[in-house]
Structures are given as structure tokens and as C-alpha cells.
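The structure appears below as C-alpha cells.
The values are calculated or read from the model by the stated rules, or taken from the named source; none is laboratory data. As the structure is a prediction and not an experimental result, all values here were calculated from the model. Cβ sites come from the backbone with ideal geometry, for glycine too, and all protein chains shown count toward neighbours. Quick note on the areas: whole protein, heavy atoms, side chains included, nothing else; ligands and nucleic acids left out. Shrake-Rupley method; radii C 1.70, N 1.55, O 1.52, S 1.80 Å.
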Amino acid sequence: MSYEPAPDLLKNRIVLVTGAGDGIGRTAALTFARHRATVILLGRTVEKLEQVYDDIVAANGPEPGIVPMDLEKAGQAEINELVQALIENYGRLDGLLHNASILGERVPFDHYSIEQWQRVMQVNCTAVFMLTRLLMPLLRESDDARVLFTSSSVGETPRAYWGAYAVSKYAMEGFAKLMADELENTSTIRVNILNPGGTRTAMRAKAYPAEDPNTLKTPDALMPLYLYLMGPDSREEHGRTFRADQIGDSLLSEE
Ligand code: NDP
């Protein structure tokens, strides 16, 4: 049996996607909008966000919002500005997809650049905490919010030469589990971790330069899983890790 998301699954939902300009985040933003969500597109390259905006509007999706933000540099003041704008424009947040991340270096840890380590930890972990922490009042205004953390198999079990990327995802998973535990009986916000597995994007090509991209699934194949976890059908899922490469075909599209 495969998951069949309703065409208007995300109607009236306000969903923020980080790293919405490219790769999996871009496809998720377009897909959520196709299922009638109002998507807030956060990313660091404005032209890419504008292209996604145009594509959503051209497909008659609900008008998205654009938030140019570099998660490596954004501080509390900048994120609070975003929170204020969301309060004024929407009054709540029904979904938060933590998707943006950077790969960093693939070298032994005793060769790892300390500056690079700090950048990767900032984007992949600390900024994820900061955004979640400051967006909580808006998430609490929703009666059925979802927070999705994007991890990786090296986040579950760090492996040699994956450096700060593995450690940042491991720490981010720790935060996601702590948050899920704290909210389990006190809130309707549902928190889950999603591991997309090998997917045809620029990041994957950088991590595995010798791999033939045609052997990988595209971001589109992941979208039933993303829709399930972002929409009302996943009301009972909380504190779980969903590994796209292990869940079989039920939540993945056939290509
Ligand atoms: P991409 O590199 O293709 O896209 C990442 C997106 O994040 C880009 O839009 C990028 O912006 C944005 N981003 C990066 N740094 C920042 C920053 N400092 N501030 C704001 N936005 C930023 O990655 P994928 O689509 O492959 O990955 C998406 C998620 O899935 C990541 O969390 C990744 O770790 C995870 N993942 C991916 C796998 C894969 O095989 N692809 C496997 C396992 C996990 P810009 O376009 O401007 O560079």
C-alpha cells in the first residue's frame, strides 16, 4: 500500500523550509505548495529563492514568503526579525523543516580545519537550535504543528572522515530527541527526524564525486514521506527517526 497524500493536504498551513533554494529543500518547498501550504522560503542565495517563488506562483500555489538568511551568520536579532515578520503576516507556524546544511571537509579529524568545524556546527546544529528556540511561540500558536529535522546515516552513527558533518548531525539528533521528549505530553507539536538517504543533489555529488548520479533517487521520490511527516496524517508519529532507504516503497514515489 502506498501513501496517497490528499491534493490539499497542507491547506491553510504555514510551513517554513530552510535551504529552500536547492536540492531536497527546493523540491520540498514546491511540493508543499502544490499541496496548498503557504511556504516560507529561507535560504542564503536570494536568486534561487526567487526562482522557487516564481515557480510556485506560476503553478497557482499560495503566495510564498522569502527570507534571505545565512544560517552561518544569523544571530538572535536577525532571527527575531523573522519571528516578528511571521507574527505580523501569519500569526502562527504549522510546520518547520530543518533542511539546510553544509558538508564541510571529508578528512581525518586531526587534519580538520578548526574554522571549518565551527562553520559546520553553526549551520547544521546551533542555528537549528536557535531557529527552533525562537520560533517556538509561533509553533505553539498552531493546533497541529510539525517540526522535522533532516539527518543522515552518519548522524545516527558517526563514521571515519565525516568530521563536523557527522558530529553536527549527531548533536542535532540529540536535540530533536530531547525536544520530542519534553513536548510529548505537554504539546500537540509533533517532532520527528528524517534521513533522506543517498539522493541526487549537489551535496551528494560533493560527498561522492566518483558516483554516477543516475544511480540515485531524485528528491521527488522522497516527497510522499515529507508530505506524510509534514501533514495531519502523521499526528501519531513523535520522536521517531524515518530512514527513507529502509521504509520500503510505501512512503516513496516510484520513479
Ligand atoms: P544541497 O547542498 O543540495 O542543498 C542545501 C541547501 O541548504 C541549499 O539550498 C543551500 O543554499 C542551503 N544552505 C546551505 N548553507 C546555508 C546557510 N548557511 N544558510 C542558509 N541556507 C544554507 O543539499 P541536499 O539537498 O542534498 O541536502 C538537504 C538535507 O538533506 C541536508 O540537511 C543534508 O544533510 C541531508 N541529507 C542529504 C543526503 C543526500 O544524499 N543528498 C543524504 C543524507 C542527508 P545554497 O543553494 O545557497 O547553497
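Values for this structure:
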read-out	value
Condition broken by MET136, with the remaining ones in (1) of a type outside the set (Gly, Ala, Ser); (2) under 22 Å from ARG235 (Cβ atoms); (3) open to solvent by 80 Å² or more (accessible area, probe 1.4 Å) satisfied	(3)
Qualifying residue in region 123-130 (condition: open to solvent by 10 Å² or more (accessible area, probe 1.4 Å), out of contact with any Gly (no Cβ under 6 Å at 6 or more places or on another chain) and part of a loop (DSSP other than H, G, I, E, B))	no
Complete set of residues in region 130-141 that are in contact with a strand residue (DSSP E or B) (Cβ under 8 Å, 6 or more places away or on another chain) and either farther than 18 Å from ARG13 by Cα or more than 16 Å from the ligand (Cβ to nearest atom) (or both)	LEU131, LEU139
Strands (runs of 3 or more DSSP E) contained in region 144-255 and holding at least 1 residues more than 10 Å from the ligand (Cβ to nearest atom) and among the hydroxyl-bearing types (Ser, Thr, Tyr)	241-243
Sole residue being touching a residue at least 40 places away in the same chain (Cβ under 8 Å), open to solvent by 10 Å² or more (accessible area, probe 1.4 Å) and in contact with a helix residue (DSSP H, G or I) (Cβ under 7 Å, 6 or more places away or on another chain), chosen from PRO219, PRO232	PRO219
Every residue from region 84-108 that is more than 25 Å from LEU10 (Cα to Cα) and loosely packed, with under 14 Cβ neighbours inside 10 Å	VAL107, PRO108
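Conditions tested, residue by residue: (1) modelled with pLDDT of 95 or more; (2) out of contact with any Pro (no Cβ under 9 Å at 6 or more places or on another chain); (3) open to solvent by less than 40 Å² (accessible area, probe 1.4 Å).
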position	(1), (2), (3)
ARG34	yes, no, no
ASP55	yes, yes, no
GLY61	yes, yes, yes
VAL67	yes, yes, yes
ILE79	yes, yes, yes
LEU82	yes, yes, yes
